[in-house]
Amino acid sequence: MSNTIEDILFDAHKHNKREELLAFLEKIRQKNPDKELTDLYQMAYDKIIRP
């Protein structure tokens, strides 16, 4: 998927899950420091918004 970080955050905000997404993002960033930031946001989005 080719969502931008802004798209992901906006959609998470619409679902009232922005803070939850950002908290999860911080956890997966620590475990995957070499991954692209956009990929990490997408991973967090898939986990939090699309369970």
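Has the range 22-30 got at least one residue that is surrounded by 14 or more Cβ atoms within 10 Å (Cβ to Cβ), at pLDDT below 95 and either out of contact with any Ser or Thr (no Cβ under 9 Å at 6 or more places or on another chain) or in a helix (DSSP H, G or I) (or both)?
To start, the set of residues in the range 22-30 that are surrounded by 14 or more Cβ atoms within 10 Å (Cβ to Cβ) comprises 22, 24-25, 28-29.
Those left that are additionally at pLDDT below 95: none.
No, the range 22-30 contains no residue that is surrounded by 14 or more Cβ atoms within 10 Å (Cβ to Cβ), at pLDDT below 95 and either out of contact with any Ser or Thr (no Cβ under 9 Å at 6 or more places or on another chain) or in a helix (DSSP H, G or I) (or both).
If you go through the range 1-9 one residue at a time, do you hit one that is small (Gly, Ala, Ser) and modelled with pLDDT of 95 or more? Checked the range 1-9: no residue is small (Gly, Ala, Ser) and modelled with pLDDT of 95 or more.
The values are calculated or read from the model by the stated rules, or taken from the named source; none is laboratory data. Only a predicted model underlies this, so the values are computations on that prediction, with no experimental measurement involved. Don't worry about glycine lacking a Cβ; one is built from the backbone with ideal geometry, like all the others, and counts go over all protein chains shown.
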